[in-house]
Amino acid sequence: MEHVNLLATITSGSGSMTSLGYFDYLGSAPLDPRVRDVMVEAWGHPGNSSAQDHAFGWKAAATVTAARHAVADALGAQDEEITFTSGATEANNLLLLGAARTAPSGRRRVLVSPIEHKSVLSPAHGLAQEGFELSYVAINESGRVDLDALRAQLDERVAVVSIMAVNNEIGVIQDVGALSAILGASGAFFHVDATQAPAAMPVDLHAWGCDAASFSAHKLYGPGGIGAAYLSAAAPWRPSPLVSGGGQEDGLRAGTVPQALCAGFGKACELLQNQGAEDRVHAERLRSKMLAVLRRYFPGAEETAATSPRHPGCLHVRLPGVDAADLLLRLQPTVAAAIGSACTSGQIGASHVLRALGWDEAAAGEALRFSVGRFTTEADVALLDDALEKLWATAA
């Protein structure tokens, strides 16, 4: 598709945001207008998908069924393996807590990587309060799991292992297939936080071989407030639900299923299947241009985890000697980027991800994350260049 200035498009007429560069796609990707249109149509049809006594309920159920199929098809899963949730945070909690609590007797250990999203780390710590033994999987200085160390940590007491596919802060991609091969023989339940994965690479859950995975629609140009929990039909056991009620979603997640949000999620997945490869090439090209711009003003700029496979749209960079938070503040309101992931913004001290990589407070304070995607344009990169040039002129 033609890559257009999204902010200029959605604010046409007001002109209030046409001079802004949005570089926070890993925080939340913009809603694709084609997804919005599908949702607006679905909102025009009342009905509860669980109401099977009238045509409105049947239509709502058909909308949800079609959306579930689109999501499953895009992710390499079967329809019945997809449970709709409010997002990846809920899915992470459901799959991690639910799987640990229903694990066979004797399995009381939980393994997670130290660079997981807080929606994995927090429930993992909660399980430790419940009496589970919590251990961290070793990673190297680039954020990749040390496979030999992982093997050494496995025994028959391990209940759940949770490792994210693509890190939300530094963009590093794990070899999920290799992890599944190692964990399969252990009998442990293997969960993957795959929130960032669909925009970063093709996803085939059956090929990955994991037992469960979590997704959010707003990371792939869909709406906020909807996500999915994948539970493989071959998983060693079934997690217990966190939310009880009417028995929706095959008893795994109670609550009225939001048909319009599901329709938007399904459309976003359909679009990703059709143009995901193009999106990734586009993002990587503009990511490289952004790095070139930054190095023109900061010759010492260092890419994080430069030797590891990474999300094509993620540029996590350290600017030695520069206070990243101060720089970003000075670039406001022109440049929308991040000094960390959305889940760690506002915290005091260095991000837990950078600490796990061995960074000290000073180094972490010099880091910025720029992320781009489908609607980023050359004009956006030019805005960043222009903003930095004006900042330099002011400082001179």
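The values are calculated or read from the model by the stated rules, or taken from the named source; none is laboratory data. Please read all numbers here as calculations on a predicted model, not as lab measurements. Neighbour counts run over all protein chains shown; Cβ positions are idealised from the backbone, glycine included. Each accessible area value is taken on the protein alone, full model and side chains, heavy atoms only, with ligands, DNA and RNA left out. Shrake-Rupley method; radii C 1.70, N 1.55, O 1.52, S 1.80 Å.
Scanning region 323-334 for residues that are of a type in the set (Val, Ile, Thr) and either open to solvent by 10 Å² or more (accessible area, probe 1.4 Å) or at pLDDT below 95 (or both) turns up at least one hit. Tell me, yes or no, whether region 45-54 has at least one residue that is open to solvent by 20 Å² or more (accessible area, probe 1.4 Å) and over 17 Å from Thr256 (Cα atoms). Within region 45-54, none of the residues are open to solvent by 20 Å² or more (accessible area, probe 1.4 Å) and over 17 Å from Thr256 (Cα atoms). If you scan region 40-57, which residues turn out to be touching a residue at least 24 places away in the same chain (Cβ under 8 Å) and within 18 Å of Gly246 (Cβ to Cβ)? Correct list: Gly47, Asn48, Ser49, Ser50.
Within region 356-380, track down each residue that is touching a residue at least 40 places away in the same chain (Cβ under 8 Å), outside any loop (DSSP other than H, G, I, E, B) and among the acidic types (Asp, Glu).
Filtering region 356-380 for residues touching a residue at least 40 places away in the same chain (Cβ under 8 Å) gives 356-358, 363, 365-380.
Checking which are outside any loop (DSSP other than H, G, I, E, B) leaves us with 356, 363, 367-371, 378-380.
Result: Glu378, Asp380.
Taking (1) outside any helix (DSSP H, G or I); (2) open to solvent by less than 40 Å² (accessible area, probe 1.4 Å); (3) more than 27 Å from Ala185 (Cα to Cα); (4) among the small types (Gly, Ala, Ser) in turn, Ala70 satisfies each apart from (1). Among the residues of region 184-202, those identified as surrounded by fewer than 24 Cβ atoms within 10 Å (Cβ to Cβ) and within 22 Å of Ala234 (Cα to Cα) are Gly184, Ala185, Ser186, Gly187, Pro202.
Restricting attention to region 58-98 and to residues that are under 20 Å from Val243 (Cβ atoms) and β-branched (Val, Ile, Thr), the residue that is farthest from the chain's Cα centre (by Cα) turns out to be Val64. For region 18-39, a tally of residues being part of a loop (DSSP other than H, G, I, E, B) and in contact (Cβ under 8 Å) with a residue 24 or more places away in the chain returns 11.
With respect to the stated conditions, His45 is farther than 30 Å from Asp204 by Cα, out of contact with any strand residue (DSSP E or B) (no Cβ under 7 Å at 6 or more places or on another chain) and of a type outside the set (A, V, I, L, M, F, W, C). Pairs are defined by a Cβ separation below 8 Å, a sequence spacing of at least 6 or placement on different chains, a first member in region 118-130 that is under 10 Å from Ala100 (Cβ atoms), and a second member that is open to solvent by 10 Å² or more (accessible area, probe 1.4 Å) and not in a helix (DSSP H, G or I); the pairs so defined are Ala124/Leu134; Leu127/Leu134.
Limited to region 158-179, what total is found for residues that are surrounded by 19 or more Cβ atoms within 10 Å (Cβ to Cβ) and not in a loop (DSSP other than H, G, I, E, B)?
Of region 158-179, the ones surrounded by 19 or more Cβ atoms within 10 Å (Cβ to Cβ) are 158-174, 176, 179.
From the residues that got through so far, the ones that are not in a loop (DSSP other than H, G, I, E, B) too are 158-162, 166, 172-173, 176, 179.
Qualifying residue count for the region: 10.
Screening Ala103, Ala62 for residues that are under 23 Å from Thr256 (Cβ atoms) and either among the aromatic types (Phe, Trp, Tyr) or not in a strand (DSSP E or B) (or both) leaves exactly one candidate, Ala62. When Ala306, Ala292, Ala277 are checked against the criterion of being more than 17 Å from the chain's Cα centre (by Cα), open to solvent by 20 Å² or more (accessible area, probe 1.4 Å) and modelled with pLDDT under 95, Ala306 stands alone in meeting it.
The set of residues in region 6-40 that are of a type in the set (Gly, Ala, Ser), buried (at least 16 other Cβ atoms within 10 Å of the Cβ) and either at pLDDT 95 or above or over 14 Å from Thr376 (Cβ atoms) (or both) comprises Gly27, Ala29. Taken over region 242-257, residues that are open to solvent by 70 Å² or more (accessible area, probe 1.4 Å) and either assigned to a helix (DSSP H, G or I) or within 21 Å of Lys59 (Cβ to Cβ) (or both) amount to 2. Criterion applied to Ala228, Ala235 was being surrounded by fewer than 24 Cβ atoms within 10 Å (Cβ to Cβ) and modelled with pLDDT of 95 or more, and the one residue passing it is Ala235. Somewhere in region 82-105, is a residue in contact with a Lys or Arg (Cβ under 8 Å, 6 or more places away or on another chain), without any contact (Cβ under 8 Å) to a residue 60 or more places away in the chain and open to solvent by 40 Å² or more (accessible area, probe 1.4 Å)? Checking region 82-105: not a single residue is in contact with a Lys or Arg (Cβ under 8 Å, 6 or more places away or on another chain), without any contact (Cβ under 8 Å) to a residue 60 or more places away in the chain and open to solvent by 40 Å² or more (accessible area, probe 1.4 Å). Taken over region 127-157, residues that are of a type outside the set (A, V, I, L, M), in a helix (DSSP H, G or I) and either surrounded by 15 or more Cβ atoms within 10 Å (Cβ to Cβ) or touching a Gly at 6+ places or on another chain (Cβ under 7 Å) (or both) amount to 1.
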